Amino acid sequence: MKLQVPFLQLPVQFDAAALAAEVAAIDPRWWRGRTQQDDGNSALTLITTHGDPDSDELSGPMRPTPALQQCPYMMQVLETLGATWGRARLMRLNGQAEVRAHVDINYYWREHMRVHVPIVTTPGVRFQCGEGEVNMGAGECWIFDTWRRHRVLNAGQETRIHLVADTVGGERFWDLLGQARPPGQRGPEWQPRPVPPQPGRPAPVLDFETFNAPKVMSPWELREHIVFLLGETVPDPRLGPIQQALLRFSRRWQALWAAFGDSGEGLARYRRLLDGVGAELEALGAGQLALKNELGFLQVLHVQVLGMALATPPDQEDESRLDRHGYGGGEGVHAGAMAVPEPAAAAPMPAPARRAAGSDPLFERPLFIVSPPRSGSTLLFETLAQAPGLYSPGDESHALIEGVPGLAPAARGYESNRLLAGDASPQVAAALRERFFRSLRDREGRAPTGAPVRMLEKTPKNALRIPFLRAVFPEARFVFLYRDPRQVLGSMIDGWNSGNFRMYPQLPGWQGPTWSFLLTPGWREASGQPLEVVVAKQWASAVQVMLDDLVELPVDSWTAIDHAGFVADPQGRMERLCAWAGLDWDRRLGAQLPLSRYTLTAPDPQKWRRHEAGIEAQRETWEAQAQRAQALLARFAG
């Protein structure tokens, strides 16, 4: 939510030590990295959709997780603030780490405020927002302007933990907010009221969001968002015609609303109106308008309005939509901007260019790097993403894929991350294609201006999803990345032990450290086993599934590259890979590539020997798949 000032402190003071004691008592396995990235950011969910601890969705009924229900004082804190609560988490930031600068622009943030209650902190933690900067003291209560660019720096060595809760407000909350003060304007008469724990008190009854995304946006809400964005736009000669186009659009939307409301009967006509205004705004140059917070007007208009105005599942819409565009959707962009990579704002989906009959009108020969985790895929991805004309989501696509209803393991009995062609129903495929397209950026950070596009993606879980991806993206091509399994297994053991790659903190029936990385078929067989056994089975299962799927593909739709060869000759291997993929390459790489974002410790081919005894003891588990992978790799050598 946009505020008049960067920061406001609410007039309440909580007992940080009591909150810290509750945090310490929570099972540490429930903490998980906010992405696969090892950037010192981790979170523990407290309020999520349906109370699912693994959910990061922002739309749907919000309910408490088991972790919050174990924290009576934390619930008293939320009750004291007197709000209706959306998503809430504990946010942990390691020493010498940061939450990178970003702006929260998605629909969820248009009316949500983010409440911070520092639980564990030090003077070295600096929260920057716009032109302001504060050190939030332990037990204090703050909100800030999410519409401004903001970041957090933890310059000390100690870990910072905040209670972070999102809300649209509430009766008592607005009373508190009326008494809030920005830094520097808190006179001696302004004193936060202490709110100590009340042991033995019955659990508070909290209000949680149930309705937070429209099926069809009302004309009054639609106009409110448009007026807000126009008011935030930097003056531009093109603004007048664009305002007129949006006025015509809002009036036509109101006419449809008067006829159909959100009953579902007018979905095809709503959709045609959205498609039409998107094309008209593009033609008027709306993509060149800038907002005062340095973002693009058209990008944010799509995320907050055009992409959310019709959030009805695509199977209820006119099927002709698929015929016209080759993609479906209609769920809008529901994911919230985070401090770590997440889909950025995107321009409206362009009309696809004409291609040969049978060609994919939106994604031309998309590239998927497939490999087990810790195989060096991030380094290959970050290097290849520098090819001109290539677009990528910028990071791994866990939320993009598992955010589509029915694709997350929790919805599938936690069998695994395996997905088959049959899982790519028309509705799922349409939603996923739209999600991917809206997340794409090229090497300069620009969204696509036309279609079809060349897309690059890498997520280790996709080693288990090749048939599914081929069904969603008919022209998909795959790059199998091979790395010495001993090096991979050693790095996987380090990753499990680091706690930075925790994926499923409450995996039913699992005995052992919190499950990290991809969930492979047969994972239950490793329950209770030593970690070297777990990772050997995990690697072998992923490689077996991946190779079985690759050999079933047409021979020209996949290739293989050796990690060691790529590191030894990055320029030569990149030129060869781009030639195979039909891409240009205009960069000159040095003999040594920069470290990838997921690097835990400095590269060393012999690091695995720290775990040599355990890895070699499992040779019978992994060797057969290693030999098979090497044989396939040899096909592409030379």
One finds, for Arg149 and Val227 with R0 = 25 angstrom and r their Cβ-Cβ distance, a FRET efficiency to the nearest 0.05 of 0.65
For Lys607, counting only lysines whose alpha-carbon sits under 28 Å away and dropping same-chain residues fewer than eight positions off, the answer is Lys458, Lys461, Lys537
Of the candidates Leu78, Val125, Thr65, the farthest towards the positive dipole end of the stretch 7-208 (Lys/Arg Cβ +1, Asp/Glu Cβ -1, centred on the Cα centre) is Val125
Any chance you could run the full-extension gain for Glu111 through Val555? It's 0.36 nm times the residue separation minus the Cα-Cα distance, nm to one decimal.
154.7 nm
With a sphere of radius 15 Å drawn around the Cβ of Arg619, what net charge do the other residues whose Cβ falls strictly inside it have (Lys, Arg +1; Asp, Glu -1)?
-2
As a test, work out the antiparallel percent of DSSP beta bridges whose residues both lie in the stretch 368-638, rounded to the nearest 5.
20
Spin-label pair Arg588/Lys292, simplified geometry with 7 Å Cα→Cβ offset, distance in nm:
4.6
Starting at 0 and stepping by 5 Å, how many percent of the alpha carbon pairs of the stretch 397-482 end up in each bin?
3, 12, 25, 27, 18, 11, 4, 1, 0
Determine the distance separating the Cα centre of the stretch 104-175 from the Cα centre of the stretch 395-454; give it in Å without decimals.
30
For a footprinting-style exposure proxy, rank Arg365, Arg32 by other Cβ within 10 Å, fewest first.
Arg365, Arg32
Percent of beta bridges antiparallel (DSSP, the chain, rounded to nearest 5)
70
Which order do the peptides 112-121, 299-308, 517-526 come out in when sorted by mean C-beta neighbours inside 10 angstrom, highest first?
299-308, 112-121, 517-526
Note down the net charge around Gly490, summing +1 for each Lys or Arg and -1 for each Asp or Glu among other residues with Cβ under 9 Å from its Cβ.
+3
Rg from C-alpha atoms of the chain, normalised by the globular rule of thumb 2.2 N^0.38 Å, equals 0.98
Please enumerate, by chain and number, the lysines with C-alpha under 18 Å from the C-alpha of Lys292, excluding those fewer than 8 residues away in the same chain.
Lys2
How far apart, in nanometres, would the label points at Asp569 and Ala631 be if each is projected 7 angstrom from Cα along the Cα-to-Cβ direction?
2.6
Figure the gain on full extension for Arg126 and Ala203 (residue separation times 0.36 nm, minus the Cα-Cα span) and round it to one decimal in nm.
24.3 nm
Using Cα-Cα distances under 8 Å and only pairs 6 or more residues apart, what relative contact order does the stretch 7-208 have, in percent?
32
Let me have the 222 nm mean residue ellipticity of the chain computed from DSSP H runs of 4+ only, each contributing -39500 (n - 2.57), with the sum over all residues rounded to the nearest 500.
-9500 deg cm²/dmol
Distant-in-sequence amide H partners of Ala451 (H built 1.01 Å from N, under 5 Å)
Ala353
By Kyte-Doolittle mean hydropathy of at least 0.0 and Cα axial length of at least 30 Å, which whole DSSP H helices of the chain are selected?
239-260
Determine, for Glu221, Glu616, Glu364, the number of other Cβ atoms within 10 Å of each Cβ, and report the residues in order from fewest to most.
Glu616, Glu221, Glu364
In whole angstrom, how far apart do the alpha carbon centroids of the stretch 514-592 and the stretch 255-304 sit?
40
Report, to two decimal places, the Cα Rg of the stretch 32-167 normalised by 2.2 N^0.38 Å (N = number of residues).
1.01
For Val370, which sequence-distant residues (separation of 5 or more, or a different chain) have an amide H within less than 5 Å of its own amide H, given hydrogens modelled in the peptide plane?
Val479, Phe480, Leu481
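The numbers here are math on the coordinates, done by the rules we state, and not lab data. Just so it is clear, the model here is predicted, and its values are computed rather than measured. Backbone-built Cβ (ideal geometry, glycine too); neighbour counts: all protein chains shown.
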